[in-house]
Amino acid sequence: MTALITGASSGFGEAIARTFTQNNHKVIILARRKERLDSLQKELGSLAQSIVCDVCDTQSIAKALSHLPKDFKNIDVLINNAGLALGLSSADKASIADWERMVEVNVIALMKLTHLLLPQMVAQGYGHIINIGSIAGSYPYPGGNVYGATKAFVKQFSLNLRADLYDKNIRVSDIEPGLCGGSEFSYVRFKGDEKKAQSVYEGTTPLMPEDVAQSVFWVASLPQHININRLELMPTTQAPAALNVYKKAKV
């Protein structure tokens with residue numbers, strides 16, 4: 001199979017690309033950072049083609065896809081992995097610019113790229129859209145506000161795509177990881193504060209990008225008649241939080 005992977009220069013995307021090529025499948029890796037993408041393509045060899053582009057620039061992506069070698073043109077799997085969280089402030093103190101950026105990448109770019117690829121998948125009579133969601137789309141937490149809302153969109157969009165495409169042999173899956181280390185997620189969330197980013201994982205054993213990559217590959221490699229709608233995975237040390245109850249201090 002041939003998979004288009006967004007956000008492929010680090011974290012989940014990089015691990016997913018390695019997992020697919022290790023199993024002798026072709027990948028089209030897409031990300032903004034040319035140096036890192038070139039390095040990954042060199043590592044993956046002839047099974048990889050790269051597109052250096054912002055995931056939000058759908059026009060440039062469409063142009064790049066049209067210039068791919070013939071044996072990479074029929075995309076079997078779209079893995080919408082690119083996404084980010086910015087900040088952990090409560091809604092009354094959060095940055096509106098951060099909110100807009102999360103919606104732009106996590107929702108609009110994912111939606112546009114899916115819309116771009118769907119006609120080809122329908123025409124060829126098969127395909128698989130795998131969206132990387134998050135448990136944040138199901139379980140709220142303080143400071144998760146718009147990030148959690150974007151991942152709730154990913155979950156519901158995936159389910160609604162299934163409703164539209166069930167009779168067209170197109171599979172749609174939403175992979176929802178919990179706490180995961182080994183990526184730039186927390187570093188980006190805390191805007192380069194390495195100490196804060198590392199503290200998220202102290203004293204616990206989180207998932208790693210390779211765990212998520214194995215889950216994605218398993219879902220993609222199942223027989224065509226099997227569709228995994230949602231796959232939620234957490235480290236053993238994580239569980240859904242109890243509901244919060246505010247109590248006034250005694251005077």
Note on segment 54-98: residues touching a strand residue (DSSP E or B) at 6+ places or on another chain (Cβ under 7 Å) and either on the phi > 0 side of the Ramachandran plot or touching a residue at least 60 places away in the same chain (Cβ under 8 Å) (or both) are PHE72, ASN74, ILE75, ASP76, VAL77, LEU78, ILE79, ASN80, ASN81, ALA82, GLY83
If we keep only residues of segment 109-127 that are exposed (fewer than 15 other Cβ atoms within 10 Å of the Cβ) and under 17 Å from THR58 (Cα atoms), then the residue nearest to the chain's Cα centre (by Cα) is HIS115
If we keep only residues of segment 25-42 that are within 19 Å of LEU68 (Cα to Cα) and without any contact (Cβ under 8 Å) to a residue 24 or more places away in the chain, then the residue nearest to the chain's Cα centre (by Cα) is ARG32
Cβ pairs under 9 Å, 6+ apart or interchain, first in segment 217-237 and in contact (Cβ under 8 Å) with a residue 40 or more places away in the chain, second among the small types (Gly, Ala, Ser) and in a strand (DSSP E or B), ordered by first then second residue, are VAL219/SER173; ALA220/ALA3; ALA220/SER173; ASN227/SER173; ILE228/SER173; ASN229/SER173; ARG230/SER173; LEU231/SER173
Note on segment 128-171: residues within 15 Å of ALA91 (Cα to Cα) and hydrophobic (A, V, I, L, M, F, W, C) are VAL146, ALA149
Matching residues in segment 41-61 (touching an Asp or Glu at 6+ places or on another chain (Cβ under 8 Å) and among the hydroxyl-bearing types (Ser, Thr, Tyr)) number 2
Requiring at least 3 residues that are closer than 16 Å to ILE132 by Cβ and out of contact with any helix residue (DSSP H, G or I) (no Cβ under 8 Å at 6 or more places or on another chain), the helices (runs of 4 or more DSSP H) wholly within segment 1-115 are none
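Since every read-out is calculated from the coordinates, none of them should be taken as a lab result. The model shown is predicted, which means the values in this text are computed figures rather than measured ones. With ideal geometry, Cβ positions are generated from the backbone for all residues, glycine too; neighbour counts draw on all protein chains shown.
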